[in-house]
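The values are calculated or read from the model by the stated rules, or taken from the named source; none is laboratory data. Just so it is clear, the structure is predicted and the values come from calculations on it, not from any experiment. Because the Cβ atoms are built from the backbone with ideal geometry, glycine has one as well, and the counts that use them run over all protein chains shown.
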C-alpha cells in the first residue's frame with residue numbers, strides 16, 4: 001500500500017514539475033516572440049529619469065566673475081582656475097549625458113531590465129520544476 005501511495009505522489013510530483021517547466025518555457029516563448037509583453041518589474045516616468053545634476057547644469061548658466069585688482073594674488077588665480085575647471089567638467093557631463101540619451105534610449109534600458117528580471121525568474125522556475133520532477137522520479141524508483 002505504501003509503495004502505491006509513493007508511486008501516486010511520485011507521478012503527481014513528476015507531472016507538476018513538468019507543468020512548471022512547460023509553463024515557464026511557453027511564457028518565455030510568448031514574450032521573446034513579442035506575442036505578449038514582459039512583466040513590468042521596472043517602470044519609469046519620462047520626467048523622473050532626468051539626472052538631477054544634469055538638470056541643474058542645464059537650468060543655470062554659470063559665470064566666473066573676475067576681480068582684476070586681485071589677479072596678482074596666486075590663491076585667487078587658483079580659485080578662478082578651479083571654478084573654470086568645475087564649469088568645464090559640468091558642461092562635458094551635460095554633453096555626454098545628452099549623447100548617451102540619443103544613443104541608448106531610456107525605454108530600451110527599462111525593457112532590458114524587465115527582460116533580464118523575467119529571464120532570472122524563469123531560470124529559478126525551471127530549476128524548481130526540475131527539482132520537483134527529480135523528487136517525483138526518486139519516489140517512483142523506490
For region 21-44, pairs from a residue that is free of Cβ contacts under 8 Å to residues at least 40 places away in the same chain to a residue that is in a helix (DSSP H, G or I) and surrounded by 10 or more Cβ atoms within 10 Å (Cβ to Cβ), with Cβ under 7 Å and 6 or more apart or across chains, are 36/30
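Would you confirm, using the coordinates I've provided, whether residue 98 is exposed (fewer than 10 other Cβ atoms within 10 Å of the Cβ), at pLDDT below 90 and part of a helix (DSSP H, G or I)?
Details: exposed (fewer than 10 other Cβ atoms within 10 Å of the Cβ): no; at pLDDT below 90: yes; part of a helix (DSSP H, G or I): yes.
When the stated conditions are applied, residue 98 does not pass them.
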Going through (1) modelled with pLDDT of 85 or more; (2) closer than 30 Å to residue 42 by Cα; (3) surrounded by 13 or more Cβ atoms within 10 Å (Cβ to Cβ) one by one, residue 87 fails only at (2)
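In the list 82, 117, 26, which residue meets the criterion of being modelled with pLDDT of 85 or more, assigned to a helix (DSSP H, G or I) and surrounded by 12 or more Cβ atoms within 10 Å (Cβ to Cβ)? Steps first, please.
Details: 82 fails: surrounded by 12 or more Cβ atoms within 10 Å (Cβ to Cβ); 26 fails: surrounded by 12 or more Cβ atoms within 10 Å (Cβ to Cβ).
Step by step, each of 82, 117, 26 is checked, and only 117 is modelled with pLDDT of 85 or more, assigned to a helix (DSSP H, G or I) and surrounded by 12 or more Cβ atoms within 10 Å (Cβ to Cβ).
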Condition first: loosely packed, with under 10 Cβ neighbours inside 10 Å and within 30 Å of residue 41 (Cβ to Cβ). Can you find one or more residues in region 101-113 that meet it?
yes
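Every residue in region 1-15 that is exposed (fewer than 13 other Cβ atoms within 10 Å of the Cβ) and either under 18 Å from residue 131 (Cβ atoms) or within 44 Å of the chain's Cα centre (by Cα) (or both), please. Full working, then the answer.
Residues of region 1-15 that are exposed (fewer than 13 other Cβ atoms within 10 Å of the Cβ), as a first pass: 1-5, 8.
Within region 1-15, 8 is the sole residue that qualifies.
One residue is enough: does region 67-79 have a residue meeting the conditions in contact (Cβ under 8 Å) with a residue 12 or more places away in the chain and either surrounded by fewer than 14 Cβ atoms within 10 Å (Cβ to Cβ) or over 30 Å from residue 15 (Cβ atoms) (or both)?
Just the residues of region 67-79 that are in contact (Cβ under 8 Å) with a residue 12 or more places away in the chain, to begin with: none.
Among the residues of region 67-79, not one is in contact (Cβ under 8 Å) with a residue 12 or more places away in the chain and either surrounded by fewer than 14 Cβ atoms within 10 Å (Cβ to Cβ) or over 30 Å from residue 15 (Cβ atoms) (or both), which makes the answer no.
So that you can scan it fast, the table gives a plain yes or no per residue for (1) under 30 Å from residue 3 (Cβ atoms); (2) in contact (Cβ under 8 Å) with a residue 60 or more places away in the chain:
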position	(1), (2)
84	no, no
96	no, no
103	no, no
108	no, no
112	no, no
120	no, no
127	yes, no
133	yes, yes
138	yes, yes
Checked region 38-65 for anything in a loop (DSSP other than H, G, I, E, B), loosely packed, with under 11 Cβ neighbours inside 10 Å and either at pLDDT 70 or above or under 27 Å from the mean Cα position of the chain (by Cα) (or both); matches are 43, 45, 46, 47, 48, 63, 65
